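> I am attaching a structure below and will ask some questions about it afterwards.
The values are calculated or read from the model by the stated rules, or taken from the named source; none is laboratory data. Note that the structure is a prediction, hence the values are computed from the model and not measured. All Cβ positions, glycine included, derive from the backbone under ideal geometry; neighbour counts span all protein chains shown. Heavy atoms of the whole protein, side chains included, go into the accessibility calculation; ligands, DNA and RNA do not. Shrake-Rupley method; radii C 1.70, N 1.55, O 1.52, S 1.80 Å.
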Amino acid sequence: MIKIEHFEELTSTQEYVKSKWSEGQNLIVTADRQTSGRGTKGRSFSSNEGGVYVSKLTFYDNFPTKDAFKIMAGSAVAVCETLRAYGIWACIKWPNDIFVNDRKISGMLIENVFSGRYITSSAVGIGINVCNPLPDELRDIATTMRLETGKVFSVDEVRRRLIEELSKPADMQKYQRYLGYMGEEVTLILGDECVPATLLSVDEEGGLWVKIGQETRRLTAAEVSIRL
Ligand code: BTN
């Protein structure tokens with residue numbers, strides 16, 4: 001049994017689980033709201049009451065670094081399956097943003113600890129917009145379960161379902177099935193450059209294959225992001 005702790009308010013569930021890293025115990029931490037929610041690339045993550053905010057700390061015995069993508073893919077599938085249980089068909093915008101109707105409904109932050117060729121632990125932080133009000137600057141690019149369906153959902157129930165989905169092993173076939181935007185023309189943000197490209201596929205190790213002009217290239221999440 002994994003320990004689960006819930007708080008009405010935290011600065012960030014992710015920072016909280018990381019403060020427990022030295023205890024060496026698997027742990028799930030949830031909060032009704034975060035005052036300083038963290039996103040990827042040093043960004044903040046809007047975390048008003050009405051959303052699901054979960055971080056899961058997992059310790060591994062023999063998890064090869066080459067399989068790191070499975071942690072991300074499994075978490076992305078867990079969110080899609082959770083949404084699907086409420087009749088919402090989401091897709092994954094590579095590598096792990098979750099979109100509905102071209103707007104982001106959920107994001108995740110994954111921080112791994114490495115030792116040689118192994119991952120010894122990971123902190124997976126997930127936010128899902130359920131009924132939380134979105135700040136003005138996110139209205140055009142984000143959405144919530146409520147906005148998509150016109151229905152009100154129990155945040156506690158959505159959170160419970162997500163935690164259940166996160167306990168399942170990563171299903172890479174489902175990741176491929178939920179993957180969106182393949183075959184589409186997008187803009188790639190490569191460093192300071194915006195490059196038009198066609199998305200082709202995502203391989204087993206999470207590399208994104210794209211066509212830029214006549215050239216086919218493999219890119220990693222560290223070097224590129226996708227703008228729709
Ligand atoms: C992103 O889309 O940029 C990643 C967002 C990750 C947000 C979650 S909410 C729970 C956990 N706590 C945080 O401070 N961040 C993650």
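> What dipole magnitude, in Debye to the nearest 20, does the range 83-161 give about its Cα centre under +1 on Lys/Arg Cβ and -1 on Asp/Glu Cβ?
That gives the range 83-161 a dipole magnitude of about 300 debye.
> Further question on the same structure: What Kirkwood hydrodynamic radius, in Å, does the range 185-227 give when the mean of 1/r is taken over all pairs of distinct Cα atoms and then inverted?
Result for the range 185-227, one decimal place: 10.3 Å.
> Check which residues have an amide H placed less than 5 Å from Thr120's amide H, if you skip close sequence neighbours.
Residues meeting the criterion, in which the H sits 1.01 Å from N, are Val113, Phe114, Ser115.
> Also, I was wondering about something else. Explain nothing, just compute: Karplus ³J(HN,Hα) = 6.51 cos²θ - 1.76 cosθ + 1.60, θ = phi - 60°, for every residue of the range 173-178 in order, whole Hz, x for Gly and Pro.
Computed from phi, the couplings for the range 173-178 are 5, 5, 4, 5, 5, 7 Hz.
> Another question about this same structure. Report, for the range 1-104, the % of DSSP beta bridges that are antiparallel, rounded to 5.
Of all bridge pairs located within the range 1-104, approximately 60 percent are antiparallel.
> Compute the distance from the alpha-carbon center of the range 144-188 to that of the range 1-69, in whole Å.
Their Cα centres are 18 Å away from one another.
> Can you tell me how the range 1-117 classifies by the Cα gyration tensor, rounded, prolate or oblate, using a/c under 1.5 as the rounded cut?
Taking the square roots of the gyration eigenvalues as a ≥ b ≥ c, the range 1-117 is oblate.
> Which order do peptides 164-176, 102-114 fall in by mean Cβ count within 10 Å, highest first?
102-114, 164-176
> Also, I was wondering about something else. Starting from the amide H of Trp94, placed 1.01 Å from N in the peptide plane, find each other amide H under 5 Å away whose residue is 5 or more places distant or on another chain.
Amide H neighbours of Trp94: Gly180.
> If you don't mind, another one. How large is the dipole of the range 97-209 about the Cα centre if only Lys and Arg carry +1 and Asp and Glu carry -1, each at its Cβ, rounded to the nearest 20 debye?
That gives the range 97-209 a dipole magnitude of about 600 debye.
> Let me ask something else about it. Can you run phi through the Karplus equation (6.51, -1.76, 1.60; θ = phi - 60°) for the range 132-145 and list ³J(HN,Hα) in whole Hz, with x for Gly and Pro?
Working through the residues one at a time gives 5, x, 8, x, 3, 5, 9, 4, 8, 10, 10, 8, 10, 4 Hz.
> Another question about this same structure. With +1 on the Cβ of every Lys and Arg and -1 on the Cβ of every Asp and Glu, and nothing else charged, how large is the dipole of the range 3-178 about its Cα centre, in debye rounded to the nearest 20?
480
> To continue, here is another question. Report the far tail of the P(r) of the range 1-56, meaning the percent of Cα-Cα pairs longer than 12 Å.
The proportion of pairs with Cα distances above 12 Å equals 62 percent.
> A follow-up question, please. Going by average Cβ neighbours within 10 Å, how do the peptides 32-39, 68-75, 121-128, 206-213 rank, with the highest at the top?
121-128, 68-75, 32-39, 206-213
> Given only helices, namely DSSP H runs of n ≥ 4 each adding -39500 (n - 2.57), what is the per-residue ellipticity at 222 nm of the chain, to the nearest 500 deg cm²/dmol?
About -6500 deg cm²/dmol.
> Under a 1.4 Å probe, what is the accessible area of the chain per residue, stated in Å²?
Accessible area per residue, the chain: 52 Å².
> Another question, then. What ratio of Cα Rg to 2.2 N^0.38 Å holds for the range 142-228?
Compared with the compact-globule rule of thumb, the range 142-228 sits at 1.41.
> From the cross-link list Lys41/Lys174; Lys66/Lys104; Lys18/Lys104; Lys3/Lys41; Lys56/Lys211; Lys151/Lys174, which pairs have alpha carbons spaced over 32 Å apart?
Flagged as over cut-off: Lys56/Lys211.
> Can you give the extra length, in nm with one decimal, that the chain gains between Asp61 and Lys168 once fully stretched, where that is 0.36 nm per residue apart less the Cα-Cα distance?
36.8 nm
> For the ranges 49-56, 135-142, 94-101, what's the packing order if you count other beta-carbon atoms within 10 Å of each residue, average per peptide, and put the highest first?
Ranking, from highest mean packing down: 49-56, 94-101, 135-142.
> Normalised by the number of residues in the range 185-227, what is the relative contact order in percent for Cα pairs under 8 Å and 6+ residues apart?
38
> Can I ask one more? Return, for the Cα atoms of the chain, the radius of gyration and Dmax in Å, separated by a comma.
In order Rg, Dmax, the Cα atoms of the chain give 17.2, 53 Å.
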